[in-house]
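The values are calculated or read from the model by the stated rules, or taken from the named source; none is laboratory data. Because the structure is a prediction, the values reported are computed rather than measured. Methodologically, a virtual Cβ is constructed for each residue, glycine included, from the backbone with ideal geometry; neighbour enumeration extends over all protein chains shown. Areas reflect the complete protein model, heavy atoms only, side chains present, ligands, DNA and RNA absent. Shrake-Rupley method; radii C 1.70, N 1.55, O 1.52, S 1.80 Å.
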Amino acid sequence: MNYDITIIGSGPGGYVAAIRCAQLGMKTALVEKYPTLGGTCLNVGCIPSKALLDSSEHYHNAHKTFEEHGIQLKDLGVDMPQMIKRKDAVVSQTTAGVEFLMKKNKIDVHYGTGSFVDDHTVKVTDKDGKENTFSTKKAIIATGSKPANLPFISLDKERVFTSTEALNLQEVPKHIIIIGGGVIGLELGSVYARLGAKVSVVEFLDSIIPTMDRTMGKELQRSMKKLGVKFYLSHKVTGVKREGEEVTVTAEDKKEQTVEFKGDYCMVAIGRQAYTEGLGLENIGIKTDDRGRIEVNDHLQTSKSHIFAIGDVIKGAMLAHKAEEEGVYVAEYVAGQKPHINYNLIPGVVYTWPEVAAVGQSEEQLKEAGIPYKSGAFPFRALGRARASMDIDGQVKVLAHKETDEILGVHIVGPRAADMIAEAVVAMEYRASAEDISRMSHAHPTFTEAMKEACLAATEDRPLHI
Ligand code: FAD
Ligand code: NAI
């Protein structure tokens, strides 16, 4: 079999690239070593984590806020196996949907580990060791990432584990110790805190979600503390030990004092690393950088110009929608089009409650780059819509250029921030000023009014409702 293009890895980068290649008339193959399509995101990432976040949010609301709403509920409980079963059903429906899309677009799916034999030959080895070799004119590496670990931690995958196992727990932990106060730590920490677990987050740096605007980390920490999550910032983990059902995590605090945490589960969430094992990169002379990522140029070409790489396996944000954009980019580039990705406008979202969402530059980045800016913020507590739903935590912060008023960054902690950030992305893509947004009608009562008000605050410091 000869293909115009072969894509290795069926995550959001790979399967979207395959669809776009097929749409553009290429004879396309997709190789996946996992039994279902969709990669990390659909199987053990975005989708299952959001399913559990939604389930746990329902429970939390029923438990904590229904009474105030005037709703009486008796005998409320958590059925963890059922919650996991529903999550699994959501995952199966979603991965089956990708399989359908492959058929619809006449993409040949080869199940097994894909590796390069030479520049134009791919070998697929299935789980029984059966090999299938074919030639391809071009290829896209979309093999994603896997959880990172610390060298001294042994992951038994039962009580000391990563996000993959945390998505399958059959009981609510009594006390889960989470190493890493980044996106995974806070999202899955929220799930278990809402279900009644004691959650301790041990973070190396002095802030949670440290790569986002610092104000957001502080706001979110305040809200999550109300949920009962305990934060141990500036703590360097030095050891993790399991004895029976007890897990002990040791860390050093700022004063170099040893601190000990005892719980029944420990999740390591200290980032993810590019995954290239078994790809046979050595057979085609493609090298990885010091963090194991495949090096690419501005057109996402590796050192072999007919082989591209996208998504988590290359530099940049490890996000599903970033991988998707890159998949489309490569397909269109190969087809002779002139696509473009604006990396500055790839939004980042944390699905806690309140949610956190951001796009563009943070205040810290603007300061470092010496760009003159002004800032306008508006708290959700001043919105009628937020009070009606009792979601008053958080704020919208808009950063605009001091002279031109162009919006340079939008940072939201608050209800439905994940959906609200889309307005900021559109505005910034069209290079809107803060005044532009502040002159547009926003439906009342909605959470999006906070965006308009923050823009009014950024333009001339004249918000209407505070
Ligand atoms: P992946 O999705 O990792 O897919 C790579 C695929 O390649 C895998 O299926 C793998 O089996 C396959 N593969 C690897 N090597 C081979 C080989 N040699 N042969 C054949 N197949 C191979 N991002 C968001 O944007 N939003 C979220 O809400 C979000 N939530 C997340 C929650 C969790 C718990 C985790 C872990 C991640 C989350 N992410 C989220 C990140 C997101 O999952 C990744 O950024 C995204 O999946 C990257 O896509 P990808 O296509 O590059 O790789
Ligand atoms: P992360 O990079 O978001 O956070 C890791 C955290 O661990 C950082 O705060 C870091 O300072 C801390 N850390 C590192 N080493 C440590 C140590 N030795 N001790 C204590 N803390 C330490 O990585 P995370 O949370 O593992 O997520 C991986 C990737 O998955 C992220 O890049 C993210 O983009 C993606 N993801 C995205 C989601 C979303 O878009 N909503 C949800 C979940 C994951």
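Observations on the structure shown:
- Number of the exception - residue 235 against (1) closer than 21 Å to residue 53 by Cβ; (2) touching an Asp or Glu at 6+ places or on another chain (Cβ under 8 Å): (1)
- Number of residues in segment 1-25 that are in contact with a strand residue (DSSP E or B) (Cβ under 6 Å, 6 or more places away or on another chain) and either in a loop (DSSP other than H, G, I, E, B) or within 13 Å of ligand 1 (Cβ to nearest atom) (or both): the value is 8.
- Residues of segment 74-131 that are among the polar types (S, T, N, Q) and open to solvent by 70 Å² or more (accessible area, probe 1.4 Å): 82, 93.
- Spans of strands (runs of 3 or more DSSP E) in segment 130-189 with at least 3 residues more than 22 Å from the chain's Cα centre (by Cα) and more than 16 Å from ligand 1 (Cβ to nearest atom): 131-141
- For residue 227, the conditions (1) touching a helix residue (DSSP H, G or I) at 6+ places or on another chain (Cβ under 7 Å); (2) surrounded by fewer than 16 Cβ atoms within 10 Å (Cβ to Cβ); (3) over 13 Å from residue 352 (Cα atoms) all hold with the exception of (3).
- Members of segment 196-219 that are in contact with a Leu (Cβ under 9 Å, 6 or more places away or on another chain) and more than 12 Å from ligand 2 (Cβ to nearest atom): 199, 213
- When restricted to residues that are crowded, with 22+ Cβ neighbours inside 10 Å and within 18 Å of residue 105 (Cα to Cα), segment 23-51 contains 7.
- Segment 230-246 - residue that is in a loop (DSSP other than H, G, I, E, B) and more than 13 Å from ligand 2 (Cβ to nearest atom) and, of those, most open to solvent (accessible area, probe 1.4 Å): 245
- A residue that is part of a loop (DSSP other than H, G, I, E, B) and either touching a residue at least 24 places away in the same chain (Cβ under 8 Å) or touching a helix residue (DSSP H, G or I) at 6+ places or on another chain (Cβ under 9 Å) (or both) occurs nowhere in segment 255-263.
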